[in-house]
Amino acid sequence: MSQRDYVEKDYYRTLGVDQGAEQAEIAKAYRKLARELHPDANPNDAEAETRFKEVSEAYSVLSNPEKRAEYDKVRRLVGSGAFAGGFPGGGFGGPGAGAQPFDLSDLLGGIFGQSSARGAPGAQFNRTRQRPPRGRNLETDLTLSFEDAMAGVTTTLRVNGNAVCSTCGGSGARPGTAPQICQVCGGSGAVARDQGLFSFSEPCDNCGGSGRVIPDPCPTCHGTGAERRSREIRARIPAGVKDGAKIRLKGKGEPGPPGGQPGDLFVNVHVSRHEVFERRGDDLLLRLPVTFGEAAMGTKITIPTLDQPVTLRVPAGTESGRTLRVRGRGAPRSRGGRGDLLVTIDVAIPRKLTRTQRKLLEDFAATEDDQLRAHLDRYVTAQETA
């Protein structure tokens, strides 16, 4: 919907309702007219089809509270003459004698968030030039070792795609020449079209809204400012990056058209598995095998961490599956500090025993608590005698 539609079209009259009509009344009027004017009910009737489109347009505005409020405000301002010069005679009629065309953007700028400035009545407005579009975002994959992911690394990425033209440096103009300001729009990228009383803004056809023209385009990029080639990008990967993370490198994507901002490069990070460590959030996991004797009597074992070995105390009587925590030896956190190293004990049971080992274990077993399974033995005895 254009600004001009808001001024020239009376959507309330189109639906046959008063300006203060409730939403339910507006919906009811629309449904009635839509049934009557629908193309299926009026085949080959161009007038009914046109009216159906008008009714649908009116309803799309009046059924939306925000659009309706905006529409009402525009019509109140124009109808009351709340602008320089006013409307001779008021209302929405044509201009009276000596009436000057005025820039509707001045009137609606605050409503639609547009920027304009006007001098004398009837002068064309000055609008902030449209920004050229940004370049495309790119994606690439990066595989890191577990150690590099934990420590952080600066690496070189090779990216294929559009890059700044090596001949013209992105200007789009042949070396030794330069783009020129568009003589049609004066570099604003927009021109005003007088429509009787009103003056409306449109993108400049001569420069496409960029505000500049290139009389002598670059022979390599043909005026686009970009060429397709491979390029290397240095990237700093932060310590503690996780497998599956996506890192954004601002401005490292494809270049935009001349004068436009480049896109971004998104790096999809893949972290290789480690031989002994696993990761869970900010913590690292390590499985530590211990002998039966070490678990029973307790011991101290030197274990690896990300940086340097530490000594872990395994308490006497430690069971298989118990997890011991070494604080501050996990993965680096993005907010600072590090997680913990979680060490899970695996008590190793020998599959084969020497004669000496068997004799020692038999002697040890003879001293063990024979009430260890007493609570189960009661059930076994009861079932056997049943």
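The values are calculated or read from the model by the stated rules, or taken from the named source; none is laboratory data. Predicted, not measured: the structure shown is a model, and the values here were computed from it. No Cβ is skipped: glycine too gets one built from the backbone with ideal geometry, and neighbour counts run over all protein chains shown.
Assess whether Ser230 counts as being of a type in the set (Gly, Ala, Ser), more than 30 Å from Gly339 (Cβ to Cβ) and out of contact with any Cys (no Cβ under 6 Å at 6 or more places or on another chain). Here the answer is yes, as Ser230 does meet what is asked.
Of all residues in the range 315-350, those being acidic (Asp, Glu) and touching a strand residue (DSSP E or B) at 6+ places or on another chain (Cβ under 6 Å) number 2.
Checking each residue in the range 350-373 for being among the polar types (S, T, N, Q) and either part of a loop (DSSP other than H, G, I, E, B) or surrounded by 10 or more Cβ atoms within 10 Å (Cβ to Cβ) (or both) picks out Thr354, Gln357, Thr367, Gln371. Return a yes/no flag: does the range 269-277 have any residue that is farther than 23 Å from Ser334 by Cα and charged (D, E, K, R). Yes, because at least one residue in the range 269-277 is farther than 23 Å from Ser334 by Cα and charged (D, E, K, R). Among the residues of the range 223-236, not a single one is surrounded by fewer than 15 Cβ atoms within 10 Å (Cβ to Cβ), out of contact with any strand residue (DSSP E or B) (no Cβ under 7 Å at 6 or more places or on another chain) and not assigned by TED's automatic domain parsing to the domain that holds Pro332. Within the range 234-255, the set of residues being among the aliphatic types (A, V, I, L, M) and within 12 Å of Val267 (Cα to Cα) comprises Ala235, Ile237, Val241, Ala245, Ile247, Leu249. Does Glu294 meet the test of being surrounded by fewer than 20 Cβ atoms within 10 Å (Cβ to Cβ), over 30 Å from Ser188 (Cβ atoms), without any contact (Cβ under 8 Å) to a residue 24 or more places away in the chain and not small (Gly, Ala, Ser)? Judged against the criteria, Glu294 is a match.
Quick check, is Pro133 under 23 Å from Gln261 (Cβ atoms), modelled with pLDDT of 50 or more and surrounded by fewer than 19 Cβ atoms within 10 Å (Cβ to Cβ)? Yes: the conditions hold for Pro133. Name the single residue that is nearest to Ala190 (Cα to Cα) among those in the range 209-231 being more than 31 Å from the chain's Cα centre (by Cα) and in a loop (DSSP other than H, G, I, E, B). This residue is Ile214.
Within the range 321-349, the set of residues being in contact with a helix residue (DSSP H, G or I) (Cβ under 7 Å, 6 or more places away or on another chain), in a loop (DSSP other than H, G, I, E, B) and not aliphatic (A, V, I, L, M) is empty.
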